Amino acid sequence: MAHFGVVAPAFYSHFSALAALSLELLKRGHRVTFLQRPDAAAYLKDARIGFHAVGADTHPPGSLAASLRRAANPGGPLGLRQVILDMARGTEMLCRELPAALHGLGVDALLADQMEAAGGLVAEALGLPFVSVACAMPVNREPGIPLAVMPFAYADTEQAAQVVEGSTRVYDWMMRPHGAVIAAQARRLGLSNRSGLHDCLSPLAQVSQTTVAFDFPRRALPPHFHHVGPLRAAADTGATAPTPLPNIDAGRPFVFASLGTLQGHRFGIFKRVAKACRRLDAQLLVAHCGGLDAAQEEALKRAGASWVCAFAPQRQALAQADAVVSHAGINTVMDAVEARTPILAMPVTFDQPGTATRVLHAGIGLRASARLAGPGTIERQLRRLFDEPQFGEQLDVQAASLAQAGGTPRAADIVEAALRLRRSEDRLARADGGARAPA
C-alpha cells in the first residue's frame, strides 16, 4: 500500500474535497498525509488523515486568517495584487519545504491540487508519481475555451476565440508575480520552463470534480483527464450541521442560500435575497458558514429569512429546495445538480464567474450580479426558476451525467490504476462506464 502526500491551497473547500478522496484511499489500506502551513490543520476533521505542518517560519500559526480575509475581499487592483502575492508566497514556501518533508515522511506519491503549482513541480523534481485534482474548475487550457476565472460564454466563432485569447493575455499579465515564482522554482528544481498552473499538471492522471456535460465542449483534454463529479465522503451530508434541517412547509416555495466559507460574511447579498423571498412568500434558509454575527442573523430574519444558521446539511437542504442562491462554488453547484435544484448564481471571485457562466451554458439556472442585483431582480429570477420547466429538464440531463461520473470511488480507482497499485487497468476500464472525457 502507498503513502500519499496531499498538496492543496489552504482553503476549506479544497481540503474538504481532497479529504473525501483521502478517506476512500484510507479505506483501501493506503496512508494519507496533507502538507501545508500550520493553520490549515484545522480543516481536517478526521483523525485518520495525517497532517504535516511546513513553512512555519514564513507562514506562522495565526497568519492564515489574514490571507483568507484578503482572498474573500480583494477589493480593487491593489487588493487583488495582494491575493496574487499571497498565492506566490505560498507556492514558493511549499517548493522550498516539501522536498525534505516528503522524504522524511516516506511519501510514495502525491495528490496535487491543480490550484497549487508546488505539488506538481516538487513531485516531478523528486521523481514521485502524482495525480492532479481539479477541486475547482479545471485550469487545463485549450484554444477557444474561456479560462475558468472568466465570465464569458462559450461560442464556436472567430470573434469568441479572439475574446478568449485577449482575456488570457490579460489574466497572465495580472498573474505575473505567481508565474514568476513558478518559473523560478522550476529552474531551481531542475525542470523545464513553466509559467502557470496549467504547466504543472500530471502526465499520469488528472481528476476533476466537474462532469462532461457541465463544462464547455472540450476537444483537447489529454486522454488521462477524467471528469468524476463531486468528491464526497460516503457519509457526507454537506457542511457541518449543529442543528437539523428545519421543518419546511411543502405548500410554499423553499429557497436555500449559501455563499460558501469565504463569502459567508456578505450580509448585503443575503439581505437582498431575504427581501426577495418575502415578496415571493417563499421560505428561506440562509447558511452563512460562520460569517455573520447574531445581530446580523436577526436582521436577516426581519428582512424575510425563515431560518438563519452558520452551517446547514447542504445536500439535505438542496434535496428539498425549489431553488438555491449560490456564489457558484463548484461544490454547491454539483450538489445542486445532484439534487436537481435550479441555481441562481451570484458569483463573487476566483473561478465563480466561470462556473456561473457554465451554469447558464448548461441551462440549469440564472445569474445575477452579486453587487448590483436588487430584491426585485432576485425576485423575478427566482420566480423564473420556480415556474419555468426548462431548468428542471436540463437538470435531469446534468444529473444523469453526474450519476455516471463515478464520484469518489472512481477517482480512487483512477489514482490506483495510474500509480499501478491494487486496482488493475481492466477494473478501471469497467468503472469508466463510458464516462471518460473525450480527448
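The values are calculated or read from the model by the stated rules, or taken from the named source; none is laboratory data. What you see is a predicted model; the values in this text were computed from it and never measured. Note that we place each Cβ from the backbone using ideal geometry, even for glycine, and neighbour counts take in every protein chain shown.
For region 72-86, indicate whether the set of residues that are of a type in the set (A, V, I, L, M, F, W, C), within 22 Å of the chain's Cα centre (by Cα) and more than 27 Å from residue 347 (Cβ to Cβ) is non-empty. No - not one qualifying residue is present in region 72-86.
Taking region 184-202 only, how many residues are part of a helix (DSSP H, G or I), surrounded by 17 or more Cβ atoms within 10 Å (Cβ to Cβ) and more than 23 Å from the chain's Cα centre (by Cα)?
Let us first name the residues in region 184-202 that are part of a helix (DSSP H, G or I), namely 184-188, 197-199.
If we keep only those that are surrounded by 17 or more Cβ atoms within 10 Å (Cβ to Cβ) too, we end up with 185-186, 197, 199.
With more than 23 Å from the chain's Cα centre (by Cα) added as a condition, the list becomes 185-186.
Final tally of qualifying residues: 2.
For region 72-79, the criterion of being surrounded by 14 or more Cβ atoms within 10 Å (Cβ to Cβ), modelled with pLDDT under 95, touching a helix residue (DSSP H, G or I) at 6+ places or on another chain (Cβ under 7 Å) and part of a helix (DSSP H, G or I) is met by at least one residue.
Taking each residue of region 407-422 that is without any contact (Cβ under 8 Å) to a residue 40 or more places away in the chain and looking for partners that are of a type in the set (Val, Ile, Thr) with beta-carbon atoms closer than 8 Å, six or more apart or interchain, yields nothing. Can you pull out the residues in region 226-254 that are surrounded by fewer than 20 Cβ atoms within 10 Å (Cβ to Cβ), at pLDDT 95 or above and among the aliphatic types (A, V, I, L, M)? 248 - this is the single residue of region 226-254 that is surrounded by fewer than 20 Cβ atoms within 10 Å (Cβ to Cβ), at pLDDT 95 or above and among the aliphatic types (A, V, I, L, M). Checking residue 144 against (1) without any contact (Cβ under 8 Å) to a residue 60 or more places away in the chain; (2) in contact with an Asp or Glu (Cβ under 9 Å, 6 or more places away or on another chain); (3) surrounded by fewer than 16 Cβ atoms within 10 Å (Cβ to Cβ): exactly one of these is not met. Which one? All conditions are met except number (3). If you go through region 279-304 one residue at a time, how many are over 20 Å from residue 321 (Cβ atoms), in a helix (DSSP H, G or I) and free of Cβ contacts under 8 Å to residues at least 24 places away in the same chain? Number of matching residues: 4. The number of residues in region 359-412 that are under 14 Å from residue 277 (Cβ atoms), basic (Lys, Arg) and buried (at least 18 other Cβ atoms within 10 Å of the Cβ) comes to 0. Among the residues that make up region 90-98, is at least one of them assigned by TED's automatic domain parsing to the domain that holds residue 7 and assigned to a loop (DSSP other than H, G, I, E, B)? Looking through region 90-98, none of the residues is assigned by TED's automatic domain parsing to the domain that holds residue 7 and assigned to a loop (DSSP other than H, G, I, E, B).
Could you list, in sequence order, all residues of region 206-225 that are charged (D, E, K, R) and either over 18 Å from residue 353 (Cα atoms) or not in a loop (DSSP other than H, G, I, E, B) (or both)?
Answer for region 206-225, where residues must be charged (D, E, K, R) and either over 18 Å from residue 353 (Cα atoms) or not in a loop (DSSP other than H, G, I, E, B) (or both): 218, 219.
Okay, residues lined up against (1) touching a residue at least 24 places away in the same chain (Cβ under 8 Å); (2) under 23 Å from residue 100 (Cβ atoms); (3) in contact with a Pro (Cβ under 9 Å, 6 or more places away or on another chain):
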{"residue": "48", "(1), (2), (3)": "yes, no, no"}
{"residue": "62", "(1), (2), (3)": "no, no, yes"}
{"residue": "66", "(1), (2), (3)": "no, no, no"}
{"residue": "70", "(1), (2), (3)": "no, no, no"}
{"residue": "75", "(1), (2), (3)": "no, no, no"}
{"residue": "82", "(1), (2), (3)": "no, no, yes"}
{"residue": "85", "(1), (2), (3)": "yes, no, yes"}
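Inside region 103-136, residues that are over 21 Å from residue 84 (Cα atoms) and part of a helix (DSSP H, G or I) make up a count of 7.
Every condition in (1) of a type outside the set (Ser, Thr, Tyr); (2) outside the structural domain of residue 270 (by TED's automatic domain parsing); (3) closer than 22 Å to residue 213 by Cβ is met by residue 419 except one, and the failing one is (3). When each of 64, 111, 128 is tested for being aliphatic (A, V, I, L, M) and over 30 Å from residue 289 (Cα atoms), the lone residue that passes is 128.
With a requirement of 2 or more residues that are in contact with a His (Cβ under 9 Å, 6 or more places away or on another chain) and not assigned by TED's automatic domain parsing to the domain that holds residue 81, the helices (runs of 4 or more DSSP H) lying completely within region 308-375 that satisfy it span 352-362. Taking region 28-52 as the range and being closer than 15 Å to residue 3 by Cβ and of a type in the set (Lys, Arg) as the test, the residues that pass are 28, 31, 48. Quick one: would you say residue 386 is among the aromatic types (Phe, Trp, Tyr) and within 18 Å of residue 280 (Cβ to Cβ)? It is true that residue 386 is among the aromatic types (Phe, Trp, Tyr) and within 18 Å of residue 280 (Cβ to Cβ).
Out of the residues in region 21-40 that are of a type in the set (Gly, Ala, Ser) and crowded, with 21+ Cβ neighbours inside 10 Å, state the one that is farthest from residue 106 (Cα to Cα).
That would be 40.
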